[in-house]
Amino acid sequence: AFARGAKRAAKLNHPVCVGVEAFGQERGIYYFAMEYVAGETWATLLSRCAENRKVLRPEIVVHVIAELCEGLHHAHELRGPDGPYHIVHRGMASNNILIDDHGRPKIIDFATTKSTLSKDSTETGVIKGSFRYMSPEQILGNVPDRRSDIYSLGVVMFESLTGAAGAKLELTELASAKLEAHPRVREFRPNIDADLDRICQIALAV
C-alpha cells in the first residue's frame, strides 16, 4: 500500500498538490521524499484565530477553499494509460493543508491516498483519517469516492468561516450526528453571504 500510494502521488502535477519527488528502496525499506513547503498548517492558523477570538475574513476562506478544490479536482481526475486512477484522499483536514510563506495553500499526504480500484481500498475494520472531517458514509464503512473528499473540505470550509470546531464524540455518536442536517454557517455568522452559506451546505450534504 505504501509503494502504490507513493507511485500514485508521484503522478500528481498541480501546484496545490504536494506530490512525491523521489521514491525508492534502501536495504529492503521503502521510502519517499515529498516537496518541502515552508509555512504552517491551516489548523495552526485557525487555532491562532481562536486564541485571539477572531474569525477569518470570508474572502480569505473563499480563496483558499477554491484553490484546494482545484487541487482535489486534479487528483480526482488523474488518469493513466488504462483509465482514471479514482484517487480519493480520505484525509482532507485542516492539518493536512499547508499555507506556504507566499499565502498559497498546499494539500499534503497524497502519498497515503487510496484508489477505489486498488487492493488497499478494501480493508475491512479500518477507518483512516480524522473523524471530525469524515463523511458519514466513510464512518459507516462504505468505500468513499470523491464526494467524501468534498464533504471533508466542506467541514474545513465551515470551521474556517465560523471558527467552530466539531465536538469530540464517540464514533457511533458522530456517525449518527453527521446523518442529521449540518448547522448552517449563517447560524454562527448571520452576515455571511447567502450563496456562500448554500455552497457550504451542498458540500456537507449526506
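The values are calculated or read from the model by the stated rules, or taken from the named source; none is laboratory data. Small disclaimer: the values here were computed from a predicted structure and weren't measured. When we count neighbours, we look across all protein chains shown, and the Cβ atoms used for this are built from the backbone with ideal geometry, even at glycine. What goes into the accessible areas is simple: the full protein's heavy atoms, side chains included, and nothing from ligands, DNA or RNA. Shrake-Rupley method; radii C 1.70, N 1.55, O 1.52, S 1.80 Å.
Data table
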item: Residues within the range 3-34 that are open to solvent by less than 50 Å² (accessible area, probe 1.4 Å) and either part of a strand (DSSP E or B) or within 30 Å of Leu161 (Cβ to Cβ) (or both), tallied; result: 11
item: Failed item in (1) in a helix (DSSP H, G or I); (2) out of contact with any Ser or Thr (no Cβ under 8 Å at 6 or more places or on another chain), with Val37 passing the rest; result: (1)
item: Hits in the range 1-35 - residues which are aromatic (Phe, Trp, Tyr) and either touching an Asp or Glu at 6+ places or on another chain (Cβ under 8 Å) or closer than 26 Å to Asp101 by Cβ (or both); result: Phe32
item: Residue match in the range 44-53 (condition: touching a Gly at 6+ places or on another chain (Cβ under 9 Å), more than 15 Å from Cys17 (Cβ to Cβ) and open to solvent by 100 Å² or more (accessible area, probe 1.4 Å)); result: yes
item: Any hit, the range 54-61, residues being among the basic types (Lys, Arg) and either closer than 24 Å to Ser135 by Cβ or open to solvent by less than 60 Å² (accessible area, probe 1.4 Å) (or both); result: no
item: Test: residue in the range 178-194 that is modelled with pLDDT of 85 or more and open to solvent by less than 20 Å² (accessible area, probe 1.4 Å); result: yes
item: Every pair of residues 6+ apart whose Cβ atoms lie under 6 Å, when the first sits in the range 70-98 and is over 15 Å from Ser152 (Cα atoms) while the second is basic (Lys, Arg) and part of a strand (DSSP E or B); result: Leu98/Lys106
item: The range 134-145 - residue that is surrounded by fewer than 17 Cβ atoms within 10 Å (Cβ to Cβ) and at pLDDT 85 or above and, of those, nearest to Cys69 (Cα to Cα); result: Asp145
item: Cys69 hydrophobic (A, V, I, L, M, F, W, C), in a helix (DSSP H, G or I) and either at pLDDT below 95 or at positive phi (or both); result: no
item: Gly103 being at pLDDT 85 or above, more than 17 Å from Gly154 (Cα to Cα), open to solvent by less than 40 Å² (accessible area, probe 1.4 Å) and part of a strand (DSSP E or B); result: no
item: Hits in the range 55-69 - residues which are in contact (Cβ under 8 Å) with a residue 24 or more places away in the chain and not hydrophobic (A, V, I, L, M, F, W, C); result: Pro58, Glu67
item: Filter result for Gly91 (among the small types (Gly, Ala, Ser) and assigned to a helix (DSSP H, G or I)); result: no
item: From Ala111, Ala93, residue being modelled with pLDDT of 85 or more and either in contact with a Gly (Cβ under 9 Å, 6 or more places away or on another chain) or buried (at least 16 other Cβ atoms within 10 Å of the Cβ) (or both); result: Ala93
